[in-house]
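What follows is a short report on a single structure.
The values are calculated or read from the model by the stated rules, or taken from the named source; none is laboratory data. Since the model is a prediction, treat every value here as computed from it, not as a measurement. Here the Cβ positions follow ideal geometry from the backbone for every residue, glycine too, while neighbour counts run over all protein chains shown. SASA here: full protein model, heavy atoms, side chains in, ligands and nucleic acids out. Shrake-Rupley method; radii C 1.70, N 1.55, O 1.52, S 1.80 Å.
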Amino acid sequence: MIISSGVLARRTVKRRIPGFTIRWQSTTGVEPPPAGGHLPSVATSQYLRLTREAAFRTPGLSWADEDGSSPARNIVGGRETRKMNTYQAVRDAMSVAMMKDDTAVVFGEDVAFGGVFRCTMGLAEEFGRERVFNTPLTEQGIAGFAIGLASMGQTAIAEIQFSDYIFPAFDQIVNEAAKFRYRSGGQFNVGKLTIRTPTMAVGHGALYHSQSPEGFFMGASGLKIVIPRSPIQAKGLLLSSIRDPNPVIFMEPKILYRSAVEQVPIDDYELPIGRAETLTAGSDLTVLTWGTPVYHCEAALHMLADPPSSLERLIPPSLRSAKIELIDLRTILPWDVDTVTESVSRTGRLVIVHEASQTAGVGAEIAAEVQKRCFLKLHAPVKRVTGWDVPVGCQYEKFIIPDSLRILDGIMESLNY
């Protein structure tokens, strides 16, 4: 009997034991793969801005500390950045907002001592327990209190500990916050309301900690929904959300809290709500996504252009030169119709990627609108790569959430149509 330990060895060592032979195969001289694999991960993504210069070149960045009466400028001399992950950038945004607005308060479950993901760490010590405080475990109460506070003219920054817990607050958000200005004929509003909540899968969150509920709010006219992909985006978009004259649900992809790291400007700046960002320009197909899947899409594009040996026979050479346009939607409601439809009109193909279930998801609404506006320009049906229509399981979560292989398969299907 021969037991072999591998097939990539340079030399073989045999050891005899009565009854059988064990063959040890050495891998001496074979270079091991890098610890993170050959494909880009969140940490190595080309979409993260790792230098001061790159940070200041962020599209749409505007400085909120410049004199509003003077022409807009892009002066960066003397400005500095600091290395931050996403939760630190979120914390920095709230600190800036509270420093400039004495009416701003932060509250939610466990926020006074940092919160589950440490996004409010140190804020209570910096601004006092009157402005950063814990609430009872009642999401409906948190939302109702935030609406009342905002209706009195204060800036309310409420935290729902997980987006999975937002459903008890659904009535307050959809029937009160979203309709407040309309039902009063414009006399009153809760525009100073921002609800922060961690969202999307984390790898082991299961039924109640890995959901993506943004699609449930798509029909709530009067709300805005924002989902950032990185620290720079998180700080700029959160500051814009806090100052927006409408109530905003700000959903933060929880797996990116620590894995996404950038050089983030320490000054007060904003990024535009309602405007998507084109991360990679292309002419053959448009991929549209937001949040964590941005990085899965990036890996899929690399596999298409330069497939690993295990996939080479499955990816025709004719597809490897395809020019793919990748767009980060950023604002889910109202979504940037013009940017998306302009891109699809040029490429003729659209693949939408999101972690939420397919049925009645955000992708369904976008697909319907693109089909209407770009019908005669489409070369293939709009493709959706999404989570399956099942609860996120306690095990095998990665089989439920769309990964780079499923995205690659969707891209190839659309290109081959």
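Could you run the Karplus curve 6.51 cos²θ - 1.76 cosθ + 1.60 with θ = phi - 60° over the stretch 124-130 and give me ³J(HN,Hα) per residue in whole Hz, x for Gly and Pro?
Ordered by residue, 3J(HN,Hα) equals 5, 5, 6, 10, x, 6, 6 Hz.
When the chain is fully extended, how far beyond the present Cα-Cα distance does Arg275 get from Lys179, taking 0.36 nm per residue of separation?
Full extension of this stretch gives 32.2 nm more.
For the stretch 77-152, what are the per-bin percents of Cα-Cα distances with bins 5 Å wide, up to the bin holding the maximum?
Pairs per bin, as whole percents: 3, 15, 23, 23, 19, 9, 4, 3, 1, 0.
Can you pull the semi-axes for the stretch 277-416, root of five times each eigenvalue of the Cα gyration tensor, sorted largest first, whole Å?
22, 21, 13
Taking the Cα centre of the chain as origin, sum charge times position over the Cβ atoms of Lys and Arg (+1) and Asp and Glu (-1), and report the length of that vector in debye to the nearest 20.
It works out to roughly 1560 debye.
How much accessible area per residue does the chain have, in Å², with a 1.4 Å probe?
Here the per-residue accessible area is 46 Å².
Determine, at each q value in 0.08, 0.11 (inverse angstroms), the log₁₀ of I(q)/I(0) that the Debye formula gives when each Cα of the chain is one equal point scatterer.
-0.49, -0.85
Considering only Ile225, Ser343, Pro316, whose Cα is most displaced toward the positive end of the charge dipole of the chain, charges sitting on Cβ of Lys, Arg (+1) and Asp, Glu (-1)?
The residue sitting most towards the positive pole is Pro316.
Can you pick out the pairs among Lys224/Lys383; Lys224/Lys254; Lys192/Lys235; Lys377/Lys398 whose Cα atoms lie more than 28 Å from each other?
Correct reply: Lys377/Lys398.
If I stretch the segment between Arg313 and Phe113 completely, what's the gain in nm (0.36 nm per residue apart, minus their alpha carbon distance), one decimal?
66.7 nm
Mind pulling the angle between the C-alpha long axis of helix 231-243 and the longest principal axis of the chain? Nearest 10 degrees, somewhere in 0 to 90.
20
Given the rule -39500 (n - 2.57) for each run of at least 4 DSSP H residues, summed and divided by the residues of the chain, what is its mean residue ellipticity at 222 nm, to the nearest 500 deg cm²/dmol?
The helix-only estimate for the chain comes to -7500 deg cm²/dmol at 222 nm.
Please report, as a whole percent, how much of the solvent-accessible surface of the stretch 277-416 comes from carbon and sulfur atoms (probe radius 1.4 Å).
Using a 1.4 Å probe with all protein chains present, the stretch 277-416 comes out at 55 percent carbon and sulfur.
Kindly provide the pair-distance distribution of the stretch 318-401 built from C-alpha pairs, with 10 Å bins from 0 and whole-percent values in order of increasing distance.
Values per bin, smallest distances first: 16, 45, 29, 10, 0.
Assuming R0 = 60 Å, what is the FRET efficiency of Asp409 and Glu130, from their Cβ-Cβ distance, to the nearest 0.05?
Efficiency at R0 = 60 Å is approximately 0.65.
Compute the long axis of helix 404-415 from its Cα atoms, compare it with the longest principal axis of the Cα atoms of the chain, and write down the angle in degrees, 0 to 90, nearest 10.
Between the helix axis and the principal axis of the chain, the angle is about 90 degrees.
With viscosity set to 1.567 mPa s and temperature to 4 °C, compute the Stokes-Einstein D of the stretch 139-211, Rh being the Kirkwood radius across alpha carbon pairs; µm²/s, no decimals.
101
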